[in-house]
1. Can you tell me which residues in segment 1-11 are open to solvent by 10 Å² or more (accessible area, probe 1.4 Å) and small (Gly, Ala, Ser)?
2. Residues that are open to solvent by 20 Å² or more (accessible area, probe 1.4 Å) and of a type outside the set (Gly, Ala, Ser): find the helices (runs of 4 or more DSSP H) completely inside segment 82-200 holding 2 or more of those.
3. Test each condition in (1) surrounded by fewer than 20 Cβ atoms within 10 Å (Cβ to Cβ); (2) of a type outside the set (A, V, I, L, M, F, W, C); (3) within 18 Å of Ala20 (Cα to Cα) for Pro203 and report the one that comes out false.
4. Provide a single number: the residues in segment 298-340 that are touching a strand residue (DSSP E or B) at 6+ places or on another chain (Cβ under 6 Å) and among the aromatic types (Phe, Trp, Tyr).
5. Considering only segment 1-46, how many residues are under 15 Å from His227 (Cβ atoms), more than 16 Å from the ligand (Cβ to nearest atom) and touching a strand residue (DSSP E or B) at 6+ places or on another chain (Cβ under 6 Å)?
6. Ile469: over 25 Å from Phe180 (Cβ atoms) and open to solvent by less than 10 Å² (accessible area, probe 1.4 Å), yes or no?
7. Can you name the condition, by its number, that Gly331 falls short on among (1) small (Gly, Ala, Ser); (2) closer than 30 Å to Gln246 by Cβ; (3) open to solvent by less than 20 Å² (accessible area, probe 1.4 Å)?
8. Is it true that Ala385 is in a loop (DSSP other than H, G, I, E, B), touching an Asp or Glu at 6+ places or on another chain (Cβ under 9 Å) and open to solvent by 10 Å² or more (accessible area, probe 1.4 Å)?
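The values are calculated or read from the model by the stated rules, or taken from the named source; none is laboratory data. The structure displayed is predicted, hence computed values, not measured ones. All Cβ positions, glycine included, derive from the backbone under ideal geometry; neighbour counts span all protein chains shown. For the accessible areas, the whole protein counts, side chains as well, though only heavy atoms, and no ligand, DNA or RNA atoms are used. Shrake-Rupley method; radii C 1.70, N 1.55, O 1.52, S 1.80 Å.
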Amino acid sequence: TDGARVSALVIGSGYGGSVAALRLAQAGVDVQLVEMGMAWDTPGPDGKIFCATPDPDQRSFWLRTRTKQPFSNFFGFPIDKDIPRYTGILDAEEFSGITVYQGRGVGGGSLVNGGMAVTPKRENFGAILPTVDANEMYDVYYPRANAGLGVASIRPAWFDSTDWYQFARVGRKQAQRSGFPFVFVPDVYDWDYMEQEAAGTVPKSALAGEILFGNNYGKKSLQKTYHPKIAATGRVTISPLHRVTQVVPAAGGGYTVTIEQLTTTGAVSTIKTVTADTVFFAAGSVGTSKLLVKLKATGALPNLNGEIGRGWGDNGNVMVGRANHIWDPTGASQSTIPCGGIDNWNAGGAFAEVAPLPTGIETWASFYLSITKNPNRAQFTWNPATRAVELNWQTAWKQPSIDMAKTIFDKINATEGTIYRTDLFGTYKTWGDHLTYHPLGGAVLGKATDNYGRLTGYQGLYAIDGSLIPGNTSVNPFVTITALAERNIEKIIAQDF
Ligand code: FDA
């Protein structure tokens, strides 16, 4: 409520924000959790909370009048369509050289993501977070995150027999024929539920094409894991459709936080101010970076250091499709939840998920999202003329990712005698090099903050989300974001509260 005083204010309800809110509340701290997206707890006219991926309606995109699908074309035909402007669940945020996809709502990215829950190989951890004690992470915080998120793996016998993973079995066979290891990837999807979906005994979600715009049944998003525990503490107030715009030191100590309440068409209906003893920035890599860069440049928080906005990377994301021979069908029925990948990280700098293309028809396409060791890092800066934060990433900076992904797919194409698809990202365009799902960095641990996420220059301000991670995690990022948040909040509660 306007004019309130709170002990801890958390900006954003994704992985970092949910960990912070839960652990603070369990330690007896009252928390205000501010989330600019919707609550996603009420069914629409079709009886479902989330709309289906093949048939996007207003619930699909954040404040857009036309969808912006990650692959824009199919057999060369554009697939985007007009929708009413609404505070939908997926934001396709456009910067000059890259579109950054992010979740919007209570649960953040967990609402829209594929749920792939990967702990990086320990040998790679030093390159991901060089100042963090790896022993602590692998003994305590990765296990805590995996347990809290409900991470599990597909039952191998079911994988080997179900039609729904034929696309992945083709991916495995072709990887192995070219000498690459195929590894199973854990996920937060309820795998028992998925087998029941296949048996036809429960309503379908992964097997009904649901992924990008939310999942109505089987996925254990934060709504099903951290959030019930947050509610059980009785100490956390959640404000959906509220957006933080300003944080300034308050005269009597703490911070004055300005919050806009939004309507579902994105208009500002009310502006509130709250005083908070402590503020946790958990608005995601992009959201936290945008806020901090603006607050430093406009004089609200001038003592933040020069590392704010730096060290941003795209986790090396690049997408590609391959066209298989007629004797290698990938299946008309495909689960939306990937469960395996091709590991060429150490030799070629690429880890490629074998991804579904759940179109409902046989396409003979194999589709992959690669995570690569792309070394390029971008910076967020404030443009005083437009009063907006810009990102200097350039599309050409994806070339190292394409080269690394080619170490896998050129070889598979040579072995199989196959070619790349050129119809998924435009006409005659092979590589999906225009986007990322995995924004990381902007308030890097040990640079913009101390080694636990305390922002330099101010007491009681913290970053606790993907902004802390310097641009790459070698695998999908949310387990690392969660584990790092668990580590940092434990120290912060012990020493600062
Ligand atoms: P996150 O983005 O989750 O949460 C930030 C929240 O803050 C959002 O809810 C946002 O609305 C809110 N916010 C922003 N600005 C605000 C403001 N000013 N005021 C109030 N609230 C504000 N990762 C993975 O490990 N495995 C996977 O399979 C996938 N797949 C995948 C698919 C797709 C389509 C996407 C978009 C992303 C993925 N990811 C993924 C990435 C993963 O979802 C992502 O890394 C995490 O959600 C990031 O967690 P954070 O806590 O950093 O922020």
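1. Result: Gly3, Ala4, Ser7.
2. Working: elements: 125-128, 142-149, 156-161, 166-177, 191-199.
Here the list reads 142-149, 156-161, 166-177, 191-199.
3. (3)
4. 1
5. 1
6. Details: over 25 Å from Phe180 (Cβ atoms): yes; open to solvent by less than 10 Å² (accessible area, probe 1.4 Å): yes.
Spelling it out, Ile469 is indeed over 25 Å from Phe180 (Cβ atoms) and open to solvent by less than 10 Å² (accessible area, probe 1.4 Å).
7. (2)
8. Here the answer is no, as Ala385 does not meet what is asked.
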